[in-house]
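The values are calculated or read from the model by the stated rules, or taken from the named source; none is laboratory data. Since we're looking at a predicted model, the values are computed, not measured. Cβ sites come from the backbone with ideal geometry, for glycine too, and all protein chains shown count toward neighbours. Accessible surface is based on the protein model in full, side chains and every heavy atom, while ligands, DNA and RNA are left aside. Shrake-Rupley method; radii C 1.70, N 1.55, O 1.52, S 1.80 Å.
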Amino acid sequence: MNLSSFYNQFHKGAQLQKRIISEDNFTYIIIIKALKKIIKKRNKLSVLDYGCGVGTLGLYLANQGNKVIGLDISPLAVKTANENSKLMSLNKLAKFYTIGSEKKIISSKKFDLIICTEVLEHIKEDLNLLHSLNKKLKRNGKALITVPSKNSPLFKLGLARSFDKKVGHIRRYNIETISNLVISSGLEISEINKTEGIIRNSLFLFHPLGILIKLIKGPITKIVSFIDDITIPILGESDILIIARKK
């Protein structure tokens with residue numbers, strides 16, 4: 001099965017998105033917090049969301065007035081993302097394309113912000129991808145990158161192997177390896193954070209527990225996230241988040 005078919009299968013059950021995600025959405029709260037730090041009071045940014053999936057983050061940013069181009073290897077995910085964009089009347093600001101079909105569209109474009117979350121671990125030539133993304137950034141443009149960590153307690157216990165295989169992870173990173181990769185691509189690291197403790201990671205890794213994610217809303221999100229953050233220095237992080245800058 002090629003990569004396109006593999007990730008089409010992964011997105012097979014995706015439903016149309018009825019509304020923009022809230023800032024306390026449990027699945028995206030860590031990334032949204034980082035995005036708010038990057039964007040601050042700026043708006044109308046040009047954004048490239050590489051590995052956009054069904055467009056959830058891209059639509060969140062488009063709803064704030066930013067112009068977003070999303071790319072994904074799954075034609076099904078891209079189709080769903082464009083349908084979501086139309087459904088929310090954001091299709092003038094957010095457009096989504098299958099990787100490989102976008103070259104003429106973005107060949108001369110440079111971006112203020114590039115998002116590359118949970119992508120590098122799926123790519124054989126991860127350094128080549130970061131080099132390419134670096135070239136698409138404007139001077140002083142920012143990149144938001146997240147990757148799964150080797151330091152994950154569930155990974156170290158051998159409990160994440162089936163999940164990694166299911167979602168197509170080729171590798172995991174530690175702070176040193178991802179830092180060296182980002183620096184080798186020519187980007188300058190502004191910030192690096194250990195994120196996602198064992199509680200949060202368990203909810204995403206183990207399907208029966210995943211049902212609980214839908215119940216974590218409003219104030220409960222901050223409570224669960226606070227407790228989860230406390231576990232990171234003790235047991236280790238399951239994810240690493242980097243904010244980098246174009247020199």
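Worth a mention:
- Accessible surface of the chain, 1.4 Å probe: 57 percent of it comes from carbon and sulfur atoms.
- Result for the chain in a Gaussian network model with C-alpha springs under 10 Å: among ILE175, ILE115, ILE69, the largest mean-square fluctuation is at ILE175.
- Within the chain, helix-based [θ] at 222 nm, where runs of 4 or more DSSP H residues each add -39,500 (n - 2.57), nearest 500: -11500 deg cm²/dmol
- For region 67-75, putting each phi into the Karplus relation 6.51 cos²θ - 1.76 cosθ + 1.60 with θ = phi - 60° gives couplings of 9, 10, 10, x, 10, 8, 7, 8, x Hz, in residue order, rounded to whole numbers and with x for Gly and Pro.
- Viscosity 1.306 mPa s, temperature 10 °C, Stokes-Einstein D of region 115-247 from Kirkwood C-alpha radius, µm²/s: 101
- The number of Lys pairs in region 35-96 with C-alpha atoms less than 18 Å apart, excluding pairs fewer than 8 positions apart on the same chain, is 13.
- Judged by the mean number of other Cβ atoms found within 10 Å, the most tightly packed of the peptides 28-39, 48-59, 215-226 leads the ranking 48-59, 28-39, 215-226.
- About its Cα centre, the chain has a charge dipole of approximately 1000 debye under the convention of +1 per Lys or Arg Cβ and -1 per Asp or Glu Cβ, with nothing else charged.
- Accessible area per residue, Å², the chain with all protein chains present, probe 1.4 Å: 53
- Fluctuation leader among SER46, SER85, SER107 - the chain, Gaussian network, Cα springs under 10 angstrom: SER107
- Alpha-carbon radius of gyration plus Dmax, which is the widest Cα pair, for the chain in Å: 17.2, 48
- Model label zone, ASN43; criterion: amide N under 16 Å from point 7 Å along Cα-to-beta-carbon; scope region 93-127: 93-94
- Coil-residue trypsin sites (Lys or Arg not before Pro) of region 109-169, DSSP, other Cβ within 10 Å capped at 13: LYS109, LYS124
- Within the chain, longest stretch free of exposed GluC sites (Glu not before Pro) [DSSP loop, at most 13 other beta carbons within 10 Å]: 126-247
- Antiparallel DSSP beta bridges within the chain, percent to nearest 5: 45
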